[in-house]
Structure formats: C-alpha cells, structure tokens
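Read through the structure below, which is laid out as structure tokens, and then see the notes.
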Amino acid sequence: MNNKVKKFVPQLITLLAIILVFGFFTYNAQINMDNRGIEFGYGFLKQESSFDVQFSLIEYDGSHSYARAYFVGLLNTLLVSFIGIILSTVIGVIVGIARLSPNFLIKNTAAFYVEFFRNIPLLLQIFFWYFAALRALPLPQDAEAWFGSTYMTIKGYYVPLFVWNNLDVFLYSILAAIISIVIIRSYAKKIQENEGKQLPVLYISLGLLLLLPLLSFVIGGVNLEIKTPVLKQLSATGFIFEPALSLPPELIALVLALSLYTATFIAECVRAGIQGVSKGQKEAAASIGLTPRQVLKLVIMPQALRIIIPPTTNQYLNLTKNSSLAAAIAYPDLVLVFAGTALMQTGRAIEIVSITMLTYLSISLAISALMNWYNKKIAIKEK
Amino acid sequence: MNKLNFLKPDKNNLYVYVYTGSALLFISIFDVFLSSFFNINVTSYLPGPVSLLLPLIIGLFGLHLIRIEFSGLKYLDLLNKNINTSNFNGALTLLIIFAIIMATPPSLSWFIFDANIAGDTKEACTGSGACWTYIKVWLRRFMYGMYPNELQWRINVSFILLIALAFVGYFSGEKLKKFLTLYYVIIYPIIAYILIYYLISGGSFGLEWVETGAWGGLSLTFIVSFFCLIFCFPIGMLLALGRRSNLPTIKYFSVGFIEFWRGVPLITVLFMSSVMFPMFLPEDFFMDKLVRVIIAISLFEAAYVAEVIRGGLQALPRGQYDAAKSLGMGYWKMHIFVILPQALKLVIPGIANTFLALVKDTPLIFVVGLMEIAGMLGLAKTNPKWLGFAMEGYVFAAIIFWIICYAMSKYSYNLELKYKTER
C-alpha cells in the first residue's frame, strides 16, 4: 500500500503541473489572440503570399500561396544540407584518415585544421565567408574564367547551363544501370559462395554505368546542349553572365562554412572509428594471408563503420539544424522565408513557429528512427 | 666502388645518395622560398607549367634518393620514418612545406607588416594590410556593447568579483569542504544574480539604471553563457534521472521534453522565445528579452546535458545500485551519494563538449536583437564611417572565441585525466 502511494504521488504531481502550465498558457494565448483579433487556424496557408524569394528551386512568385512559400524554404534548406553533407563527408573522411597518417606533417596539419575550425562559432564562420571573403571577389566584368567557362564573381558562381532533351530517358537509363549492377553483384556473391569463382564485378559495373547512358544518347534521342556563360551588360555598370546557372553567394558561403565546420566533427568520428578497431584484428587478418587492401576492405572497414556511422549521422542532423543559420545572411531557407517573412506579414506567431519547429522535429525524428533501425541491423549478434 | 644506380638507392654508396638527395631537396625548397619571399622566379625561361612543377619534381627525386632503409644515420632514419615513407607521402610532405612557405609572406604582411594601428580615423589606414585601428577604436563597443563608457567599471568590477568568488573552493578549509557543492549549486548563482542585477543593471543604491538592450559585446556573451551553464546543468540532471525513472508519467514527460528540444534548431527556439512566448503570458506581464533568451537557451542545452548524463548513468554497473539499496538508501540518497558522483565523473568530456557548444551558440542571440560580439560587428561594419573592414572584425572575433573555446577544451581534457579512476 505504502509503496503504491509512493509511486502514485510524484506522478500525479507531475501530471497536474504539466496540465496547469499548459492550461495557463492556452488560456493566456486565447485572451491575447482575442484582444488582437486573430483567430487560431491554418487557413492562412492558402492565401496569396505576395512576397518574392530570390532563390528558389521550384517556380514561385508573389502570387503563389504561403504553403508554396513554405515548400520553397524547405527545399532550399534541404539543398544546403544535401550539398553540405556530401562536402563535409569528403573533407571529414580525408582529414580523419590524415590524422592517423604516419607522416608527421600530414598528421599535424590535419590536427591543426580540426582544432582551428572546431573552436570558432559557426555563425562567425558564416559571416566571415559571406561578408569578408566572398566580398573580396571581382565584379562580373573583371572576373577571369575558372576551368574554361565558369566564373566566380561577387554576384555568385556562374556555371554553364545544361539544356537536356528527353532528360527522363537518360535518368531511366541510369536507374536501369544501377538496378542491373545490384542484381549482378548479388549474383556474383552467390557464385562466389557456392563455387568460389570471383567475377570481375567492378569492370562489369563500370561498363554498364557507361554503356547504358551512352546508348540512351544514341538510341533514346537524348541530347545535351551546353550553354557557356557570356558577359552581358544590363546597364552602365551592371553586368551579369547569361545564359548560366548562377549559385548565389549566400549559398556558397553557407555551404563552405557548414561543411568546413561539420567536417572537423566527422573527422574525429572517423578517427575514433578506425582507432577503435583493435590492432589484433589487423594482424590476424594479415596472418591468414589477406592483402593490405583486403584487410582494409574485409576486416577493418566493416568494424570501423559500425563505430563511425551513428555519431556521423548525428553530425548530419546537426548540419541540417545548423543550416537554419542561413537566416543570418539572408539565404532564403525555411527559417528566413517562413518564420521570418511570412510571420512578419501574417503575424501568426504560434502557427508559423509551430510548423517550422515541427518540420525540423520530424526531420530529426525520421533520421534518428532510421539510425536506430540501422544500429539494430549492424549490431554484433552475440550468442 | 659499387655502381651508382640513382633509381634504386642503397646503403653501399650511402653518402653519395644522401648528399645528392639533400642538395636536390634544398634546391627545390630554396626555389619556392625565393619565389615566395622575394618574388624571384629562377626558372622563368621555362614554359609555365614546367616552371611551376619543377620544384616538386626535383624535391621528389631528392626525397627518393635519401629514402634508404636502416641507413644507420639516426636523423636520416627519423626523417624517413616520419615524413618520407613512400613516394606518395613524400609528395604530400613537399606540398605541405611549399604551402606553408607560400602562405607565410602574404599572411605576415596582412597581419603585421602592412597593417596599421596608429590614429583613430579610417584615414589612418593607408597600408594594404589589416586596419587594426578599426578594432582599437571600436574595442569598447566590442567588449561592452552600447553600455555607457563612464559606467563600464561596473561590468569590470562585477566580473572580477564573480571570478574571485568562483575560486573560493580552492581556499576553503577542510571543515567547509562539504558545503562546497551547496555553495556552487545554490549560493553562488544567487550571488551572481544579485551582483548582475544591482551592479550591471543598476537602478538602486544611486546607480544609474542601464536597460538590457544596451548590454552587449563580449561581456553579454559571458553573462549569457554563465547563466545558461548554471541553469542547464541541474535541469539536465533532473531530466536524465527522469528519463531513467520507472514511473511512466515522469519517464515519458522527460523523453518527450528531451527529444523535442534536441530535434529543433536553436534559432527557432530563440524565435519562439521572442515572438511566440509573449503570446502565452498574461498581457500585463512583462519579461525582459535577456531573461527569455537565457531561459530558452538553458532549456535547449539542458536536453543535451541530460542525454550526456544519461550515458554516464547507463555506463554504471547494476551492482552500484544494488549495493546502495542494500545499505538501505532511498532514491535520492542513493543518487546523490553513490550514483551521480560516479556517473558525472564518467561524462566530464561530454559535458565539457556541451558547454563548449553552448558558448559557441551564444552569438545566435543576435536574431532576437541582442547585440553580443557578432551583432556588434554587424553594426560596426555598416557604420558609414567605417565601411570595408569586415575582415578585420571577423578575424578579431574569431581569435577571441578560438582562445576561449580552445582553453575550455584543454581544461576539460586535464579534468578528464585528473578524475580518471581505474575500475
């Protein structure tokens, strides 16, 4: 009896406190909104937004709805995160491996990089790239070509525009190549397990990956037109490059800062993972006659990846959340477009902030659910 | 005499190889050095790419010649083992050395030789390097924000007092040792609050009142990080205990709370505290912006602290709980005297990382209009009298933050070594 009361009372108190606090907040919110003449509801999402966004992946202008503005912001956030994740992984893996190099200079350069970029607030790094480094770039009319026909200017990075005909056929051919490679790999594995024969999977895969898209050009009617940027005068002093794909400087600054910053953490994860595989494993693998490449591929990597992947996913998540700092340099991401401009216009603080938070929350929860599933899959099955 | 084979250096003609190799290496580095420091290109008569790659090729060949295993020369072996194990490694070594040589003159001239610090107007900056005059003129703003110049001694005094009070633990006698935890967890924060409220904010005892909107610069960064550190730790500890509790209501509340704050970016939390939170308060109730921000950041970081502490709690063996229970300890007694001291010791690095993240997150408060150092930089940069010195400002702020964060991480590393106990 006594035990039951002991368990019941604290729970009751917590529950009451939560209900009271929530009740208090809702009551106040009700009164405040009544006073200001706002009604709670998500109907405003269908209204015309009447503001413009400078950089958008989907077609958008002021006549579209707030809901579409939300998607513009979300896509921009995802774009930055996607590029940032790829870049930071590449840099992070290289630096992480470099920190374990026997070469004194390489090891210390990598350590310097990590200590340097990790200890400066991300916001300052973004500001540095955007306001200091990228502002020192030349104007379009003074820009010199990089790699032949791309131009890095103060107004952004101009790259040649690719104009595709029948793009879908090309994409299908790549998809077909990938599917057939997966099938061939599993077939080769089966053959190896049953008969001990090894098929040259790598060459077959590469061949397929080249051949099928090539076929799509020859037979499928796909063709590609590359339009190189040409300087064009708009006014007496205003120049731009056309026709070209232009990456705005906000995007470049954000991607640079995010990937250089996150790469330091990924490098540490990679280093910890490789160090976490005991030396005995390497020696045992070498002693049964595996070549150094096989040791790395079959013994070290599978074990190291088990340690590396969970914290690295966490860093990807952090990168995605940190991309919200975009609002500080006016890159139109979810926070700036939706929680900034749209909120200013409609004044619907509760609805908009809650949607924004829920969006980030669901991205986070989805990724952590995926990671838990993966962790369970790769966990060592002990008997 | 043995035949010389320059493609396969061996021990027989050791000195021939070593001298030739060193000479080649020296030539390659000297060439880069000349072109970088004195802008002299010795090989200018060669076509562009060849002239560019020549030092690398010469250097690589030099490194190849001195790569002789077990030569018996101590320093040569050391060199080979550390920077010259293979051609690939040698090439990377050379590239890094060249990069350092190439980067030295421009950065030195920007930071020191071509920089200006004299004078106090923009016109004093004539060199092509950095304009430290800008930092000198704006230093007070970067440190104290818009806080009135003649009142800044109040900030200094209260910071010095706070630091002095923090060191009480080192000088207290054995008898008072047991009260230290109480002092740091409860009394010290209260003193700090009183100090900041009466001394920095003012308004009573004849001190002029300064509104929080005028606070700023690095001192605001310190104030915010200080209070958030103090608040987020106990909240995080309670949440961690709550998540491990076997009472379902408390457990699920903690899980929901932690996962919510960990799932959203800090910037949206700050947005919430500034635009959404006032809607939830009674109309005549006013809460200062700074207080709201401190609450928001504390709750946000508490979720991270909770996860770190939970890791420590999970790492403790069950025997510790059982032993404490068998001594007849209750829940709180068990946790305060047995579980938490051990668990916290385990998670020092994690907690230090969270605190570091907190300090690095404080510049974000500019989104709600509080001008700490990044915000002040933005303000100074757009001042019409001082346009075009963004680089100096950000380099300055980066150096300050780097020193703070690096010191913190080194300190936590020492702490970790100090409290490491063998199990």
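Here are some notes:
- Enumeration of residues in the stretch B:378-397 that are crowded, with 19+ Cβ neighbours inside 10 Å and without any contact (Cβ under 8 Å) to a residue 60 or more places away in the chain: B:Lys381, B:Ala390, B:Tyr394
- Criterion: more than 8 Å from chain A (Cβ to nearest Cβ), at positive phi and either touching a residue at least 12 places away in the same chain (Cβ under 8 Å) or not small (Gly, Ala, Ser) (or both) - qualifying residue of B:Gly369, B:Gly375: B:Gly369
- Comparison of A:Asn76, A:Asn119 shows that the only residue that is polar (S, T, N, Q) and either in contact with a helix residue (DSSP H, G or I) (Cβ under 6 Å, 6 or more places away or on another chain) or within 14 Å of chain B (Cβ to nearest Cβ) (or both) is A:Asn119.
- For A:Gln125, the conditions (1) within 18 Å of B:Ala390 (Cβ to Cβ); (2) outside any loop (DSSP other than H, G, I, E, B); (3) more than 9 Å from chain B (Cβ to nearest Cβ) are fulfilled apart from (3).
- B:Glu307 vs. criteria charged (D, E, K, R), buried (at least 18 other Cβ atoms within 10 Å of the Cβ) and more than 30 Å from B:Thr212 (Cβ to Cβ): yes
- Filtered residue count, the stretch B:202-234, keeping only those that are in a helix (DSSP H, G or I) and either surrounded by 18 or more Cβ atoms within 10 Å (Cβ to Cβ) or under 24 Å from the mean Cα position of the chain (by Cα) (or both): 18
- In the set (1) under 28 Å from B:Ser107 (Cβ atoms); (2) within 41 Å of the chain's Cα centre (by Cα); (3) surrounded by 15 or more Cβ atoms within 10 Å (Cβ to Cβ), the condition left unmet by B:Ser51 is number (2).
- Lone unmet requirement of (1) free of Cβ contacts under 8 Å to residues at least 24 places away in the same chain; (2) within 7 Å of another protein chain (Cβ to nearest Cβ) for A:Glu144: (2)
- Residues of the stretch A:17-73 that are assigned to a helix (DSSP H, G or I), away from chain B (no Cβ under 14 Å) and either on the phi > 0 side of the Ramachandran plot or among the β-branched types (Val, Ile, Thr) (or both): A:Val72 alone.
- Tally of residues being under 14 Å from the mean Cα position of the chain (by Cα) and polar (S, T, N, Q) across the stretch A:50-107: 5
- Unique match (being surrounded by 14 or more Cβ atoms within 10 Å (Cβ to Cβ), in contact with a Lys or Arg (Cβ under 7 Å, 6 or more places away or on another chain) and either modelled with pLDDT of 80 or more or within 19 Å of A:Ala132 (Cβ to Cβ) (or both)) among B:Lys136, B:Lys122: B:Lys122
- Selection status of B:Ala99, over 14 Å from B:Ser35 (Cβ atoms) and either within 14 Å of another protein chain (Cβ to nearest Cβ) or of a type in the set (Asp, Glu) (or both): no
- Hey, B:Met146 outside any helix (DSSP H, G or I) and in contact (Cβ under 8 Å) with a residue 24 or more places away in the chain or not: yes
- Of the numbered criteria (1) in a helix (DSSP H, G or I); (2) under 26 Å from A:Val163 (Cα atoms), the one A:Ala188 fails is (2).
- Any hit, the stretch B:168-179, residues being in contact with a Phe, Trp or Tyr (Cβ under 9 Å, 6 or more places away or on another chain) and either free of Cβ contacts under 8 Å to residues at least 12 places away in the same chain or part of a loop (DSSP other than H, G, I, E, B) (or both): yes
- Of the residues B:Glu301, B:Glu307, B:Glu259, the single one that is within 9 Å of chain A (Cβ to nearest Cβ) and among the acidic types (Asp, Glu) is B:Glu259.
- Members of the stretch B:248-275 found to be under 19 Å from A:Met33 (Cβ atoms) and surrounded by fewer than 21 Cβ atoms within 10 Å (Cβ to Cβ), listed by number: B:Ser274, B:Val275
The values are calculated or read from the model by the stated rules, or taken from the named source; none is laboratory data. All figures in this text were calculated on a predicted structure; none of them were measured in a lab. Because the Cβ atoms are built from the backbone with ideal geometry, glycine has one as well, and the counts that use them run over all protein chains shown.
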